[in-house]
Amino acid sequence: MGGHAKPPAKHHNPHAHVIHQPGRRLMHHIPLKFVWNKVAGHGRRSGNAALNLVSFIDFLITTVIFLLMSFSASGEITVDKNVKLPKAENVEDIIDAPMVAVNGNQILVDGTLAGSTRAIEELGRMQKIDELFNLLKNKRELWKQVQPNKPFPGVCILQVDQNVPAIVVKSVFQTAAFAGYPNVSFMVAKLPKSGG
Amino acid sequence: MGGVDVGSEGGKKKATNAEINMVPFIDLLMCTIAFLLITAVWVTNSRMNADAQVPGPPNPDKELTPQTPEKVLNLHIGESDFALVWKQGATVVSEVRVPKPPPNDSPVIRYPDLAKKLEAEWNSNGSHRDPSDKKLDQAIMHTDNRTPFKEVVAVLDALYATKRKVKLPEGDKDLPVFNMTFSVR
């Protein structure tokens, strides 16, 4: 009896393989075929399909980063729907200031009618636009009442249609300057840098 | 779903494989995307500066001393060309003409040759060059009353193409070398 050699004990080191090869493991240690069949669904293909979500999450994160980069906290600036802005490359960022919209027929200050473009064109010479002057002056006085300790910046932005003649632009420009807004900016659509 | 495999210890022990539920994470990402898409601003409008404050407000605190007038660029928009005239007071310092390209069907008007010539003119006649000098060279635009605004903007775009470094309290900034105002008769 004692002459029989004992088979070598199976060496099992639990820390030998931390990362396992992927594969079926459920109930695999039970050496019974019917258990394996039960687990594998009697040899049929399982009805549950697992989707790989890694690429989907990657896509979502990339989209979130892109949208966050292009996010503007200042919000959208309303442009009069009758005004088609000219395009330019060497521009600056928009600032918060009174908006004067000049289209083919009307002059509007923050949506309020402040004069007629046609009247200036028909007259054929530069003139001070009284309604525009009064509206801008009122805005300036209101600003000074609200913020008495700050110096008035004197900035206004002109949204001028690209086909409006220069005489109208000059009249509006001069009226704004008379009303206390010497720093006049023209709103334009930004063109990408040509790189030349 | 996402999981972490830390090795199995046999059938009797509690499984050490942890499953992270990714559904709330995906929900959060979806909500963020929806919010950002709804609030996104796709139209990029900008502005171009002009100045009606010529030669500038008189300061009552400062004593007036007679100074030689600065050189000012007078930019005339003609029918077929542009005239770049540097004037010091009433004296004409130099005059250059740049031919105007013929009108085309392009919706955007550009004057790259005028921009190059303006840069060369500023390099030879510009007064304010030092980064610590915050004042800009003055340009006066002379244009016909019938000139469409898009042409005025195209000339303004060429005028503002040349830039120089200016030291500001918030840091160095590239600013256009010229500041434009309109000529008024």
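The values are calculated or read from the model by the stated rules, or taken from the named source; none is laboratory data. As the structure is a prediction and not an experimental result, all values here were calculated from the model. Please note: Cβ atoms are built from the backbone with ideal geometry, for glycine as well, and neighbour counts cover all protein chains shown. Heads up: the accessible areas ignore ligands, DNA and RNA and are worked out on the full protein's heavy atoms, side chains in. Shrake-Rupley method; radii C 1.70, N 1.55, O 1.52, S 1.80 Å.
Taken across both chains, chains B and A shield about 4800 Å² of accessible surface from a 1.4 Å probe. Between the alpha-carbon centres of the stretch B:147-175 and the stretch A:110-183 there is a gap of 22 Å. Sorting B:79-86, A:49-56 by their mean Cβ neighbour count within 10 Å, with the most densely packed peptide first, gives B:79-86, A:49-56. Rounded to the nearest 0.05, what FRET efficiency do A:Lys150 and A:Leu113 have when you use their Cβ-Cβ distance and R0 = 25 Å? Computed FRET efficiency for A:Lys150 and A:Leu113: 0.25.
Counting only other chain Cβ atoms within 10 Å of each residue's Cβ, the peptide A:160-169 averages 6. Shielding value for A:57-67 is 4, the average number of Cβ atoms from other chains within 10 Å of each residue's Cβ. Put simply, when A:81-92, B:130-141, A:58-69 are sorted by average Cβ atoms within 10 angstrom per residue, most first, you get A:81-92, B:130-141, A:58-69.
With every protein chain left in place, what is the accessible area of B:Trp122 in Å² (1.4 Å probe, nearest 10)? My reading of the accessible area for B:Trp122 is about 20 Å². Across the alpha-carbon set of the stretch A:87-190, the Rg to Rh ratio works out to 0.97, Rh being the Kirkwood radius. Partner shielding of B:112-118 amounts to 1, given as the average count of beta-carbon atoms from other chains within 10 Å of each residue beta-carbon. Ordering B:29-35, B:177-183, B:17-23 by mean Cβ neighbour count within 10 Å, with the highest value first, yields B:177-183, B:29-35, B:17-23. Computed from the C-beta positions of A:Arg25 and A:Phe66, the FRET efficiency with R₀ = 45 Å rounds to 0.65.
Under Stokes-Einstein, with the Kirkwood radius over Cα pairs as Rh, the value for the stretch B:71-182 at 20 °C and 1.002 mPa s is 145 µm²/s. FRET efficiency for the pair A:Phe59 and B:Asp113, taken as 1/(1 + (r/R0)^6) with r the Cβ-Cβ distance and R0 = 41 Å, rounds to 0.35. Largest accessible area first, the listed residues A:Arg24, B:Arg110 line up as A:Arg24, B:Arg110 when surface is computed with a 1.4 Å probe on the assembled protein chains. Computed with every protein chain present, the accessible area of B:Glu121 is close to 20 Å² [probe 1.4 Å].
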